[in-house]
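A short reminder: the numbers here are calculations on the coordinates, not readings from a lab. These numbers come from a predicted model, not from an experiment. Heads up, the Cβs are rebuilt from the backbone with ideal geometry, glycines too, and the neighbour counts pull from every protein chain shown.
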Ligand SMILES: NC(=O)c1ccc[n+]([C@@H]2O[C@H](COP(=O)([O-])OP(=O)(O)OC[C@H]3O[C@@H](n4cnc5c(N)ncnc54)[C@H](OP(=O)(O)O)[C@@H]3O)[C@@H](O)[C@H]2O)c1
C-alpha cells in the first residue's frame, strides 16, 4: 500500500489495539494502513489481522530496539501498556518510557498514548479515605499511566493523551458480570453507590483512536477522554435484566468489601471505583459521550453493547 500512512499499533492482538487495527483495515478508502505489533506473528489472532491486510511485525514493549523497528517510517503509533499482565506500576512506566523513546528516535509524527488519571492529584497519599498501595500509589494502574504522561512530554513526542473508560467487556472476561445469589436471583455487584460509571465497548476505543488519527494534528498535546455512556450501577443492572430476560438486582458493594475480595488487584480496583465514585463529576466530565461519537459515529451505548454480547456474559 504505497501511498497509505502507516499506523503502528501496540497490543494489536488485544482489545484496544485490535479495535484500532480493524477500524483502519475495514476502511479501505481511508488514508491509513495498520502495522500490527505482536510478540508472536504466528498466533491465530495475528494471522486474523494479516488476513484483513494489516502488516504484522514482531515487537515487545520490554525491548526498545524492537519498538524502534516497529515504529520506523510510521506516521502514527498507538501506545498502550498491559498492566494486568504483570501488576507492576514501575514496569508499566518503564514500558511507556521505552515507547516514548522509540517514538522520539523514529520521529513518529503522532502518538496516541492510552492513559488514565494520576489519582494522587485528587487523593494525595496522606488522604486516608483509601489505603495507599505499594507505598506510593492510590490506584496503581491509573497512577502509573498518568505519571508516564511525562515520559512522552519530556521526550518531545507529539502525543494525544487518550483517557479510556471501563470496558463493558469486563462483564465477560474479568468476572464482573451478575452472579446468582443464595436465592437463585441474579445480582450485579459494583462499588459505585448511586454514581455514574463511564463505560465503553472495548472495540469502540480503537474506533475512537482511528477518529483521532483521522483528525490530523488537532489533539496533539491535548488530553481527551472517551465513553459510550455513563450509566449508574442501578441502570446497568436494569439493562442487564432486560437483556438477559430475568431480573438483575443491584448491590452497591462497599469499597472496603471490594478491596478485601482477595483476588489479585482487588485493592487497586476497589480504590479505582472509590475514586470514580468520589470524583464523579470530574471523571465523567473528562469523558464526553457526544465528543466520543464525533470521533466514532458507530459508538455503542450499554444497551447496544448488550444486544450483541449478552450471550457471552457468564451468569452463575
Ligand atoms: N479493562 C478495562 O476496563 C480497562 C479500561 C481502561 C484501561 N485499561 C487498560 O488497558 C490496558 C490493556 O489493554 P488491552 O485491554 O487492550 O490489552 P489486552 O486485550 O490484554 O491485550 C494485550 C495484547 O498486548 C500484547 N502484549 C502483552 N504483553 C506484551 C509485550 N510485553 N509486548 C508486546 N505486546 C504485548 C498481547 O499480544 P501478543 O501476545 O500478540 O504479543 C495481547 O494480545 C491495561 O493497561 C489496562 O489498565 C483497561
Estimated inter-spin distance, residue 185 and residue 47, nm [label 7 Å along Cα→Cβ]:
4.9 nm
Could you tell me how far the Cα centroid of segment 224-289 sits from the Cα centroid of segment 189-213, in Å?
11 Å
Could you give the angle, 0 to 90 degrees to the nearest 10, between helix 202-214's Cα long axis and the longest principal axis of the Cα atoms of the chain?
40 degrees
How far, in degrees from 0 to 90, does helix 89-105 lean away from the longest principal axis of the Cα atoms of the chain, to the nearest 10?
30 degrees
With the crude spin-label approximation of a point 7 Å out along Cα→Cβ, what separation in nm comes out for residue 260 versus residue 69?
5.1 nm
What nm distance separates the two modelled labels at residue 242 and residue 126, each placed 7 Å from Cα along Cα→Cβ?
4.7 nm
Please report Rg (one decimal) and Dmax (integer) in Å for the Cα set of segment 103-217.
18.1, 60
Quotient of Cα Rg and 2.2 N^0.38 Å for segment 208-251, N being how many residues it contains:
1.86
Would you mind computing Rg(Cα) / (2.2 N^0.38 Å) for segment 1-92, counting N as its residues?
1.05
Could you identify which residue out of 136, 293, 68 has the top mean-square fluctuation in a GNM of the chain using Cα springs shorter than 10 Å?
136
What is the P(r) of the chain, as percent of Cα-Cα pairs per 10 Å bin from 0?
6, 26, 34, 24, 8, 1, 0
On a 0 to 90° scale, report how tilted helix 233-244 is relative to the longest principal axis of the chain, with both axes built from alpha carbons and the result rounded to the nearest 10.
90 degrees
Using Cα centres only, tell me the gap between segment 82-152 and segment 57-78 in whole Å.
20 Å
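Subtract the Cα-Cα distance of residue 223 and residue 252 from 0.36 nm times their separation in residues, and report this length gain in nm to one decimal.
Length gained, residue 223 through residue 252: 7.4 nm.
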